[in-house]
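Values quoted throughout were computed directly from the atomic coordinates according to the rules given, and no laboratory measurement underlies them. Just so it is clear, the model here is predicted, and its values are computed rather than measured. With ideal geometry, Cβ positions are generated from the backbone for all residues, glycine too; neighbour counts draw on all protein chains shown.
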Amino acid sequence: MAESLKILIAEDEESFIDALQLGLSREGFSVEIARDGQEAIDKFTSSGPDFILLDVMLPKKSGIDVCREIRQHSQVPIIMVTAKSTEIDTVVGLEVGADDYVTKPYSMRELVARIRAVMRRRQSDDESHMPSDKAKIIERSGVSLDPDRHEVHLKGQLVKLALKEFELLELLMINAGKVLTRDMIIDRIWGAYYSGDTKTLDVHVKRLRTKLEADPSDPKLITTIRGLGYRFEDKR
Ligand code: CA
C-alpha cells in the first residue's frame, strides 16, 4: 500500500524540510529526515525506507555520491532533487541510477504524483519480470534488446545503457517503424506528471545515438521526425 510508504528525505534546507514533513505526512507517508549525505546513508541502512527523496546539493556527501553508494546494493526507488532545471541534464548525464528528477521549486501535489508514478512503474516492472511472463528479446537493425536481462547488444557487442536510456530504447524498438511523439515518450518514460525540462528527452536521445549510431550526427537508427518526435528505423 502506498499509504504506509516509508520515505527518507535527504534535504538540508529547513524550509523544505518543514514543508515536506508536513505535506508528505498529510498524504499518509511515514517520513524520516536526513540533513546531510552521510546521515542519508546511515538512515537508509538503519531504517530501510521504501523510497528516497534525495537533494543533489547536500553537506558532507553529495546526493550524487549517496545515490551511487546506495545503488551498489539496493534498487530502492530514488527521486533526485535539483536546484535548477539546468542541473538536471548534468545529473541525468552522470547516470547515477535515480528513477526520476524534480527541480526546485516543486508543488507538493506534483511531488506526490511523481512518487506514486515511480512506485507504480516499479510495481509493473516487478510484475513483468516474473519468470512466467518472460519478455521476448527484440532484434531490429542490428540492435538486440533483452528486457529480462536489461541488456543491449549492438552487432553482438554489449552496450552499457542507463536505466532511462534502456527504457527509451525499449519503447522505440517495440514501436519500430512508427513515429512516437515527444509527449507520448515523455509520458511513458518519465510519467504523466513529468514537468521537468523537455530537453531531458533530447539529452537521452543524444546519448543513445552516441552509443548506437555509426555516425551520431547523421543518425540512421533513431531518427528525428521534425515537429513530431522520434522513430526507430526498422531495417530488420
Ligand atoms: Ca541542498
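With respect to the conditions (1) free of Cβ contacts under 8 Å to residues at least 12 places away in the same chain; (2) within 16 Å of the ligand (Cβ to nearest atom); (3) farther than 27 Å from Asp187 by Cβ, Pro105 lacks only one, and its number is (3). For the subset of segment 71-94 comprising residues that are in contact with a strand residue (DSSP E or B) (Cβ under 7 Å, 6 or more places away or on another chain) and in a helix (DSSP H, G or I), which member is nearest to the ligand (Cβ to nearest atom)? The selected residue is Val91.
Considered as a group, the residues in segment 76-109 that are out of contact with any Asp or Glu (no Cβ under 9 Å at 6 or more places or on another chain) and among the polar types (S, T, N, Q) include one that is farthest from Ile17 (Cα to Cα), and that residue is Thr90. Exactly one residue among Asp148, Asp215 is within 24 Å of Arg120 (Cβ to Cβ) and surrounded by fewer than 18 Cβ atoms within 10 Å (Cβ to Cβ), and that residue is Asp148.
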